[in-house]
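*Asks:* To start, I am sharing the structure in question, which I have written as structure tokens.
Each reported figure results from applying straightforward, stated rules to the coordinates on display, with no laboratory input. Note that the structure is predicted; figures quoted are calculated from it, not measured. Here the Cβ positions follow ideal geometry from the backbone for every residue, glycine too, while neighbour counts run over all protein chains shown.
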Amino acid sequence: DTKKFETLYSSINTVSSTNVNKHIGILRKYRSKNNITFSHDKTKASLITVIFHSYISKNENELFTGHAGVLVPVKNNGYIFIEKISFQSPYQVIKFASKQQLNEYLMRMYDTEWGQNTSKPFIMENNNVLSCYHPVR
């Protein structure tokens, strides 16, 4: 459904704050208002999105999906994460023993701004913050 896709991946207005929890609340409210829902079946794949805060000016702030991938549980424990890093690169699959390892990988890749007026990126699994999310820097 094109409308849901555009809603899911469009940037949304947010507040001028470095507080990640404020941005998470705004994103969740936006998704709820726009009927973005996901399956609650933990045996199925889930959408992983890394959400970034863009600070243009005190009155111009946005949240946007900076990276996305699919997380698939594996029968013998662990997960595989399917992602595409760039247009010119092929899809890649990485196996992780835990979601904690996924968090470490994604935050080391994408938490690259220091001393900016932006919040840290945060990781969503479907409509919820990744259960073990935490900044690593």
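*Asks:* Residues of segment 76-108 being surrounded by 11 or more Cβ atoms within 10 Å (Cβ to Cβ), outside any helix (DSSP H, G or I) and hydrophobic (A, V, I, L, M, F, W, C), which ones?
*Replies:* Listed by number, the residues that qualify are ILE80, PHE81, ILE82, ILE85, VAL93, ILE94, PHE96, ALA97.
*Asks:* A further question follows. For segment 2-53, which residues satisfy the criterion of being part of a helix (DSSP H, G or I) and β-branched (Val, Ile, Thr)? Can you show your working first?
*Replies:* Restricting attention to segment 2-53, the residues satisfying the condition of being part of a helix (DSSP H, G or I) are 2-9, 20-33.
Of everything in segment 2-53, those that are part of a helix (DSSP H, G or I) and β-branched (Val, Ile, Thr) turn out to be THR2, THR7, VAL20, ILE24, ILE26.
*Asks:* Can you find a residue in segment 48-55 that is closer than 17 Å to GLN101 by Cβ and either among the polar types (S, T, N, Q) or surrounded by 14 or more Cβ atoms within 10 Å (Cβ to Cβ) (or both)? Talk me through it step by step, then tell me what you get.
*Replies:* Step one: filter segment 48-55 for residues closer than 17 Å to GLN101 by Cβ, giving 48, 50.
So of that shortlist, the ones also either among the polar types (S, T, N, Q) or surrounded by 14 or more Cβ atoms within 10 Å (Cβ to Cβ) (or both) come out as 48, 50.
Yes.
*Asks:* For segment 19-39, indicate whether the set of residues that are surrounded by fewer than 15 Cβ atoms within 10 Å (Cβ to Cβ) and under 17 Å from ASP111 (Cβ atoms) is non-empty.
*Replies:* Scanning segment 19-39 turns up at least one residue that is surrounded by fewer than 15 Cβ atoms within 10 Å (Cβ to Cβ) and under 17 Å from ASP111 (Cβ atoms).
*Asks:* Continuing with this model, one more query. For residues that are part of a loop (DSSP other than H, G, I, E, B), surrounded by fewer than 18 Cβ atoms within 10 Å (Cβ to Cβ) and within 13 Å of the chain's Cα centre (by Cα), tally how many sit in segment 109-125.
*Replies:* 1
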